[in-house]
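Engineer: Have a look at this one.
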């Protein structure tokens with residue numbers, strides 16, 4: 001079994017070796033397409049990183065359907081930080097849980113960005129009537145910088161889906177039943193008094209990360225697999241015509257962004273985020289994507 | 001966010017819809033009237049979400065296949081949906097013009113350029129213009145590899 005430490009430790013500076021070795025040594029990997037014949041042999045695919053090379057993101061379907069949760073593209077310049085994010089999610093989830101946002105943004109390489117108010121936007125919300133105002137604020141935030149402005153349409157679309165997901169899909173009652181899943185999206189909904197969600201946007205020189213955190217943590221492994229199986233079974237999506245949402249939201253976010261992250265702690269919180277590279281649309285909408293999900 | 005709005009104009013057997021704003025839950029799609037030709041201008045549509053995609057699909061579904069629908073000035077978010085969502089671009093629709101994003105690596109900005117049928121494209125065949133940016137540097141097409149795929153169905 002090949003470990004990340006064994007084959008990829010050269011990606012990080014020597015000075016960080018002592019700190020990173022205990023994490024990197026615990027995580028193994030497979031390469032796609034080279035190791036396709038091994039995908040059925042992994043006993044804990046959720047703990048193994050798939051290092052992809054191809055241009056066709058949807059070609060990794062067999063890995064997704066076999067339980068793999070971490071996909072990192074080796075042909076991207078941000079490979080080290082994405083590998084590290086995956087390693088941390090797998091080997092030290094407790095550390096990752098404390099504050100995953102810097103990892104989505106910069107792999108802890110430039111933490112002062114997180115305190116720069118010009119580069120950060122955080123908005124808490126509890127009801128669907130707030131959505132238009134939040135999107136308007138985000139639009140103004142994106143317009144401040146020419147690089148983020150040029151991605152405004154795909155960022156707004158993705159943020160809209162993140163907010164809608166947090167408002168209608170995430171809430172569960174005390175019995176774990178979905179509260180608003182089948183509610184028509186034109187109907188207003190509001191969280192119970194002790195719950196809230198937060199939309200955040202933060203950008204470095206290279207990327208902008210937009211995410212939404214809710215305090216329900218309702219996503220289950222079964223639901224995630226079900227969603228991925230449905231959405232990845234065909235390149236072409238068909239909107240759901242029944243009540244509730246169109247069923248296209250998360251896939252739209254994945255298609256728009258360069259990186260997609262879903263992290264859920266049962267009944268504590270869920271965090272769904274996407275990163276967009278500030279180098280034009282093509283680099284984001286190409287199939288060279290990083291994709292991580294972790295549901296406990 | 002600009003609210004979604006539609007202006008409707010009737011010219012004989014043709015109905016012209018001019019749409020603008022953000023196509024989402026709050027959008028009110030116009031009641032379809034019978035016509036042999038529908039012309040829809042999407043140039044001022046600023047975006048759409050997944051519910052907007054469903055709205056659009058539900059709105060166009062009952063239109064008889066004998067009605068010809070011409071789509072003009074389709075923004076990037078519409079074009080990418082042509083390629084990813086079934087039932088969004090139906091077989092009786094013809095795209096007469098659409099925007100193509102270009103990117104300037106010099107000042108890292110985007111410029112959407114209108115491609116018109118018979119000029120920049122004919123069926124699936126494309127004739128890309130040279131667009132100059134800052135310091136007369138040519139801009140690069142900034143679209144996913146499948147961006148123009150819908151044109152194959154328009155032939």
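Every read-out reported here was derived from the displayed coordinates using simple, explicitly stated rules and does not represent laboratory data. The shown structure was predicted, so the numbers you read here are calculated from the model rather than taken from an experiment. FYI the Cβ positions are ideal-geometry reconstructions off the backbone, even for glycines, and counts take in every protein chain you see.
Engineer: For region A:21-91, what does the alpha-carbon gyration tensor say about shape, rounded, prolate or oblate, given a ≥ b ≥ c as the root eigenvalues, a/c under 1.5 as rounded, and a/b over b/c as prolate?
Structural biologist: Note, shape of region A:21-91 comes out oblate.
Engineer: Less than 16 Å from a label point 7 Å out along the Cα-to-Cβ axis of residue A:195: which backbone N atoms in region A:252-293 qualify, by residue?
Structural biologist: Counting backbone N atoms under 16 Å from the label point, the list is A:264-272.
Engineer: At residue B:10 and residue B:145, where each label point lies 7 Å from the Cα along Cα→Cβ, what is the point-to-point distance in nanometres?
Structural biologist: Distance between label points: 4.9 nm.
Engineer: Ok, one more. What angle, in degrees between 0 and 90 and rounded to the nearest 10, separates the Cα long axis of helix B:50-60 from the longest principal axis of the Cα atoms of chain B?
Structural biologist: 50
Engineer: Which FRET efficiency, nearest 0.05, do residue A:43 and residue A:186 yield, Cβ-Cβ r, R0 45 Å? The partial results should precede the final answer.
Structural biologist: On the way: r = 46 Å, r/R0 = 1.03.
For R0 = 45 Å, the calculated efficiency reads 0.45.
Engineer: Classify region B:83-155 from the C-alpha gyration tensor, please: rounded if a/c falls under 1.5, else prolate or oblate depending on whether a/b exceeds b/c.
Structural biologist: prolate
Engineer: Under 19 Å from a label point 7 Å along Cα→Cβ of residue A:74: give me every residue in region A:233-266 with its amide N that close.
Structural biologist: No residues fall inside that zone.
Engineer: Still on this structure: Averaged across the residues of B:73-81, what count of C-beta atoms belonging to other chains lies within 10 Å of each residue's C-beta?
Structural biologist: 3
Engineer: Could you state the angle between the C-alpha long axis of helix A:152-164 and the longest principal axis of the C-alpha atoms of chain A, as a value from 0 to 90 degrees rounded to the nearest 10?
Structural biologist: The two axes meet at around 70 degrees.
Engineer: Rounded to the nearest 0.05, what FRET efficiency do residue B:132 and residue A:99 give with R0 = 51 Å and r taken as the Cβ-Cβ distance? Could you check?
Structural biologist: 0.65
Engineer: Starting with the highest mean, order A:247-256, B:17-26 by the number of other Cβ atoms within 10 Å, averaged over the residues of each peptide.
Structural biologist: On the way: A:247-256: 22.5, B:17-26: 20.3.
Listed from highest to lowest mean packing, they are A:247-256, B:17-26.
Engineer: Quick check: Cα centre of region B:44-106 to Cα centre of region A:4-72, how many Å?
Structural biologist: Taking the Cα centre of each part, region B:44-106 and region A:4-72 sit 38 Å apart.
Engineer: Work out, step by step, the length gained on full extension between residue A:267 and residue A:242: first 0.36 nm times the residue separation, then minus their alpha carbon distance; give nm to one decimal.
Structural biologist: Contour length minus the Cα-Cα distance gives 6.3 nm.
Engineer: Okay, moving on. Using DSSP, restrict attention to beta bridges with both residues in the protein assembly as shown and report what percent are antiparallel, rounded to the nearest 5.
Structural biologist: 60
Engineer: Test of understanding: extend the Cα→C-beta vector of residue B:91 to 7 Å, then name every residue of region B:140-154 with backbone N under 19 Å from that spot.
Structural biologist: B:150-154
Engineer: Taking every residue in A:153-159, how many Cβ atoms of other protein chains lie within 10 Å of its Cβ, on average?
Structural biologist: Details: counts 11, 4, 1, 7, 11, 1, 1.
Average neighbour count from other chains, rounded to a whole number: 5.
Engineer: Take the alpha-carbon positions of region B:1-140, form their convex hull, and give its projected area averaged over all directions (one quarter of the hull surface) in nm².
Structural biologist: On the way: hull surface 37.9 nm².
Reported value for the Cα convex hull: 9.5 nm².
Engineer: Measure nothing but the geometry: give the 0 to 90° angle between the long axis through the Cα atoms of A:221-232 and the longest principal axis through the Cα atoms of chain A, rounded to 10°.
Structural biologist: Helix A:221-232 sits at roughly 90 degrees to that axis.
Engineer: On to the next question. Counting other beta carbons within 10 Å of each Cβ, put A:225, A:261, B:147 in order, fewest first.
Structural biologist: A:225, B:147, A:261
Engineer: Need one word for region A:19-59: rounded, prolate or oblate. Basis is the Cα gyration tensor (sqrt eigenvalues a ≥ b ≥ c); a/c below 1.5 gives rounded, then a/b vs b/c decides. Present the calculation step by step, with values, prior to reporting the outcome.
Structural biologist: Details: a/c = 2.75, a/b = 1.57, b/c = 1.75.
Verdict is oblate for region A:19-59.
Engineer: Between residue A:16 and residue A:133, with labels modelled 7 Å along Cα→Cβ, what's the label distance in nm to one decimal, could you check?
Structural biologist: 4.0
Engineer: Mind giving me the nanometre distance, one decimal, between the label points for residue A:233 and residue B:58, set 7 Å out from Cα along Cα→Cβ?
Structural biologist: So the two model labels end up 2.3 nm from each other.
Engineer: Now for a different question. Neighbouring Cβ atoms within 10 Å as the yardstick, rank B:56, A:12 fewest first.
Structural biologist: Values: B:56 22, A:12 18.
The most exposed by this proxy come first: A:12, B:56.
Engineer: Just checking the output field for A:17-25: average partner chain Cβ neighbours within 10 Å of each residue's Cβ?
Structural biologist: Per residue, the number of nearby Cβ atoms from other chains is 0 on average.
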